[in-house]
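Let me begin by presenting the structure, written as structure tokens, before commenting on it.
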Amino acid sequence: MEPKNVYLQDLTRGLVKENPVFVALLGMCPLLGVTGFLFYGFGMGVATTAVAFGGTLMVSLFRNLIPSQVRIPIFIVIIATLVTVVEMSLEAFQPELHEALGVFVPLIVCNCLILGRLEAFSSKKPVLRSAADGIGAGLGFTLALVILAFVREVLGHGSLLGPNPDTVIQLFGPNFEPMTIFAQPAGAFIALGLLLALFNMFTKRFNI
Amino acid sequence: MREILRLSLILALVGIISAALLTAAYNVTEPIIIERRAADYRQALENFFPGFASFETEQVEEGQFDLIYDDTDDLMGIMATVAVLGYDGDITYNLAFDDSGEIIGINIVSHTETPGIGDVIERGSFQEQFEGKSHEDPITAGEDVEIVTGATVSTVAMINSIRQTADFVAQSFLGIEVEEIDFAEVPDGTYQGSAQGFIGPIVVEVEVSGGEVIDIEVIEHEETATYFVESYPLIPERIIEEQNLDIDTQTGATGSAEGIVNAVENALLKALGEDVDEPVEEEPVDIDLSEVPDGTYEGSAEGFMGPIVVEVEVADGEIVSIEVLEHEDTPEYFRESNPLIPDRIIDEQDFDVDTETGATVSAEGILKAVLNALSGALDNGGGGDEN
């Protein structure tokens with residue numbers, strides 16, 4: 001296999017074949033918590049991708065220096081540091097998003113998707129491949145968040161790009177009665193279940 | 001041992017690097033965050049005090065208080081920034097008062113309450129109930145403001161904090177004397193006072209000696225015993241210990257606790273010769289059953305959630321049946337009182353029945369509805385059968 005293909009493979013693996021949400025069912029907490037609006041879901045995905053990228057990069061850079069007995073606490077410190085940096089940056093530059101995501105930003109620390117990539121991949125593989133893997137996993141997560149948030153915002157609010165009144169697009173006109181259930185956490189579960197079923201149907205049919 | 005040392009050193013090193021990174025990030029972002037918060041704060045000020053010109057900040061133990069002036073240097077009002085411990089960490093909020101101490105509005109600055117539960121404090125429906133309230137209002141859960149079920153801790157914390165802040169602002173910045181009883185002025189003696197508790201009036205006897213309250217006894221109450229123990233004798237003890245009525249009334253029976261405090265306050269105010277507003281003792285209703293003509297009568301009274309309608313059948317000067325036709329109370333609780341209370345009334349042929357059940361308020365409602373039905377029968381000139 002060409003080396004170039006390896007990177008591409010690392011990058012794309014997380015998108016569909018090993019999608020952290022649709023296949024591994026990781027990171028359910030933010031997935032269900034912040035996908036009420038497309039903008040929030042996308043923001044959460046980008047924040048998580050940034051942490052995943054930083055974490056995989058750091059861990060694979062120092063993988064030979066990290067003693068295996070204490071690797072988990074070191075991973076956690078690295079992730080927590082990155083998350084705090086991301087949180088401070090969000091508060092400074094994206095206050096609206098920071099407010100909306102609230103406690104789910106610090107909770108990225110315990111998103112097992114990230115720790116999982118560090119433990120399973122970055123601690124053993126070279127830097128570039130790890131970085132590609134981190135970005136790929138983050139993008140896969142973002143993809144899932146965006147799809148779920150899209151479904152929930154359209155069904156639950158009848159809008160897109162809300163709730164900011166400057167960008168919001170009302171899709172169905174004033175007489176539309178949104179299915180409020182999809183704006184609620186219970187609706188997130190229902191929507192996720194349906195999406196999982198669809199995803200499995202497609203992957204089976206096309207043998208991805 | 002060497003191995004442990006090596007690992008500890010590596011962990012410490014990771015910690016130090018992480019701290020250095022965080023410091024760097026903090027230094028970059030903090031000025032921006034502060035600036036943004038200041039801008040947000042100015043925006044909040046502008047919302048509450050349109051056209052304000054300047055403000056003067058006073059930092060005290062209770063929080064930060066900004067005195068807001070217009071361009072002619074007249075005081076427009078006060079913006080308080082206070083923090084209160086909610087369910088999960090501090091809730092920081094702004095409370096805007098006009099120059100008479102009335103609340104203009106609330107702005108939640110930050111909180112870490114549970115999303116979907118404790119964050120109801122951000123909702124307009126919760127915040128709006130405080131607008132127009134001032135130190136003159138009770139600002140008490142269940143009286144003039146409502147808690148949000150499911151988020152009791154968060155909302156009660158906010159309500160109490162808002163009340164204290166309103167009193168503090170009135171007293172400290174607006175020069176309004178919030179009426180407080182000076183125990184030292186109360187002559188020695190034993191005084192009685194009453195106030196509304198959670199269910200019915202609470203009557204207390206307060207003993208004052210040497211300018212101090214030395215004993216408080218509840219001599220009458222209608223509260224549910226299992227809850228009342230949460231507030232009594234705890235609340236009297238707190239008052240005696242602090243020699244002050246401004247005590248923490250948050251107990252397992254806050255309604256009763258507030259009732260006790262208000263009853264003590266009324267007793268002391270009466271001792272000082274002031275007029276007090278006491279709950280009117282309900283007149284004992286005395287219906288002579290033998291005067292009620294035979295027939296079936298309908299009556300209603302307020303239950304726990306809504307009106308209770310009963311049908312009472314009287315024959316030969318005796319109540320022969322009582323049927324609840326309508327009620328809106330929770331069925332699981334209501335059945336604790338129905339048919340128990342009707343049975344008791346029919347058994348005793350008297351209205352002085354014990355209404356303490358698993359659903360006391362419903363029980364009282366049934367009793368009152370029966371009384372209303374019968375007194376209605378008498379008022380109609382004993383006119384006869386409604387059927």
Considering only helices (runs of 4 or more DSSP H) wholly within the stretch A:75-167, the ones with at least 3 residues that are more than 14 Å from chain B (Cβ to nearest Cβ) and of a type in the set (Val, Ile, Thr) are A:127-157
Residues of the stretch B:10-36 being under 17 Å from A:Ser89 (Cβ atoms) and facing chain A (nearest Cβ under 7 Å), in sequence order, are B:Ser18, B:Leu21, B:Leu22, B:Ala25, B:Tyr26, B:Thr29, B:Ile32, B:Ile33, B:Arg36
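Take the stretch B:92-126 and flag every residue that is in a loop (DSSP other than H, G, I, E, B) and either more than 14 Å from chain A (Cβ to nearest Cβ) or not charged (D, E, K, R) (or both).
If we filter the stretch B:92-126 for residues that are in a loop (DSSP other than H, G, I, E, B), which is where we start, we get B:99-102, B:111-117, B:123.
Selection gives B:Asp99, B:Ser100, B:Gly101, B:Glu102, B:His111, B:Thr112, B:Thr114, B:Pro115, B:Gly116, B:Ile117, B:Arg123.
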Taking first residues from the stretch B:300-313 that are crowded, with 19+ Cβ neighbours inside 10 Å and second residues anywhere that are polar (S, T, N, Q) and not in a strand (DSSP E or B), the pairs with Cβ under 6 Å that are 6 or more apart or on different chains are B:Gly303/B:Ser362; B:Phe304/B:Ser362
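When the residues of the stretch B:345-372 are narrowed to those that are farther than 23 Å from B:Glu332 by Cβ and outside any helix (DSSP H, G or I), which ends up farthest from the chain's Cα centre (by Cα)?
Our first condition is that a residue be farther than 23 Å from B:Glu332 by Cβ; within the stretch B:345-372, this holds for B:346-352, B:371-372.
Of the ones still in play, those that are also outside any helix (DSSP H, G or I) are B:349-352.
Values: B:Gln349: 38, B:Asp350: 35, B:Phe351: 31, B:Asp352: 30 Å.
That would be B:Gln349.
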Across the stretch B:144-189, the tally of residues that are surrounded by 13 or more Cβ atoms within 10 Å (Cβ to Cβ), of a type in the set (D, E, K, R) and either over 30 Å from B:Ala271 (Cα atoms) or at pLDDT below 80 (or both) stands at 1
Here the residues within the stretch B:236-260 that are at pLDDT 85 or above, surrounded by fewer than 23 Cβ atoms within 10 Å (Cβ to Cβ) and β-branched (Val, Ile, Thr) are B:Ile239, B:Ile240
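Looking at the stretch A:153-166, is at least one residue of a type in the set (A, V, I, L, M), buried (at least 18 other Cβ atoms within 10 Å of the Cβ) and modelled with pLDDT of 80 or more? Outline the logic, then answer.
Of the stretch A:153-166, the ones of a type in the set (A, V, I, L, M) are A:154-155, A:160-161.
Remaining after also requiring buried (at least 18 other Cβ atoms within 10 Å of the Cβ): none.
Taking every residue of the stretch A:153-166 in turn, none turns out to be of a type in the set (A, V, I, L, M), buried (at least 18 other Cβ atoms within 10 Å of the Cβ) and modelled with pLDDT of 80 or more.
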Filtering the stretch A:64-74 for residues that are surrounded by fewer than 19 Cβ atoms within 10 Å (Cβ to Cβ) and facing chain B (nearest Cβ under 7 Å) leaves a count of 4
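Hey, any hits in the stretch B:50-68 for a residue that's in a loop (DSSP other than H, G, I, E, B), without any contact (Cβ under 8 Å) to a residue 60 or more places away in the chain and surrounded by 11 or more Cβ atoms within 10 Å (Cβ to Cβ)? So that I can check it myself, show each step before the final result.
Going residue by residue through the stretch B:50-68, those that are in a loop (DSSP other than H, G, I, E, B) are B:50-53, B:61-62.
Right, trim to without any contact (Cβ under 8 Å) to a residue 60 or more places away in the chain and you get B:50-53, B:61.
Next, only the ones that are surrounded by 11 or more Cβ atoms within 10 Å (Cβ to Cβ) stay: B:52-53.
Checked against the condition, which is being in a loop (DSSP other than H, G, I, E, B), without any contact (Cβ under 8 Å) to a residue 60 or more places away in the chain and surrounded by 11 or more Cβ atoms within 10 Å (Cβ to Cβ), the stretch B:50-68 yields at least one hit.
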All conditions in (1) aromatic (Phe, Trp, Tyr); (2) under 10 Å from the mean Cα position of the chain (by Cα); (3) within 13 Å of another protein chain (Cβ to nearest Cβ) are true of A:Phe42 except (3)
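Taking B:Ser110 as the residue in question, decide whether it is without any contact (Cβ under 8 Å) to a residue 60 or more places away in the chain, among the hydroxyl-bearing types (Ser, Thr, Tyr) and exposed (fewer than 14 other Cβ atoms within 10 Å of the Cβ). Reasoning before the result, please.
Values: without any contact (Cβ under 8 Å) to a residue 60 or more places away in the chain: yes; among the hydroxyl-bearing types (Ser, Thr, Tyr): yes; exposed (fewer than 14 other Cβ atoms within 10 Å of the Cβ): yes.
Criteria met by B:Ser110.
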Across (1) within 30 Å of B:Asp188 (Cβ to Cβ); (2) touching a helix residue (DSSP H, G or I) at 6+ places or on another chain (Cβ under 6 Å); (3) at pLDDT below 85, B:Val285 clears everything bar (1)
In the stretch B:126-175, anything among the hydroxyl-bearing types (Ser, Thr, Tyr) and under 11 Å from B:Ile103 (Cα atoms) is listed as B:Ser134, B:Thr165
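Quick one: would you say A:Thr56 is of a type in the set (Ser, Thr, Tyr) and in contact with a Lys or Arg (Cβ under 9 Å, 6 or more places away or on another chain)? Let's see the steps before the verdict.
Details: of a type in the set (Ser, Thr, Tyr): yes; in contact with a Lys or Arg (Cβ under 9 Å, 6 or more places away or on another chain): yes.
Against the criterion (of a type in the set (Ser, Thr, Tyr) and in contact with a Lys or Arg (Cβ under 9 Å, 6 or more places away or on another chain)), A:Thr56 qualifies.
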When the stretch B:127-167 is checked residue by residue, the ones that are more than 14 Å from the chain's Cα centre (by Cα), more than 22 Å from B:Ala257 (Cα to Cα) and part of a helix (DSSP H, G or I) are B:Gln127, B:Glu128
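The values are calculated or read from the model by the stated rules, or taken from the named source; none is laboratory data. Nothing here was measured: the structure is a model prediction, and the numbers come from that model. Because the Cβ atoms are built from the backbone with ideal geometry, glycine has one as well, and the counts that use them run over all protein chains shown.
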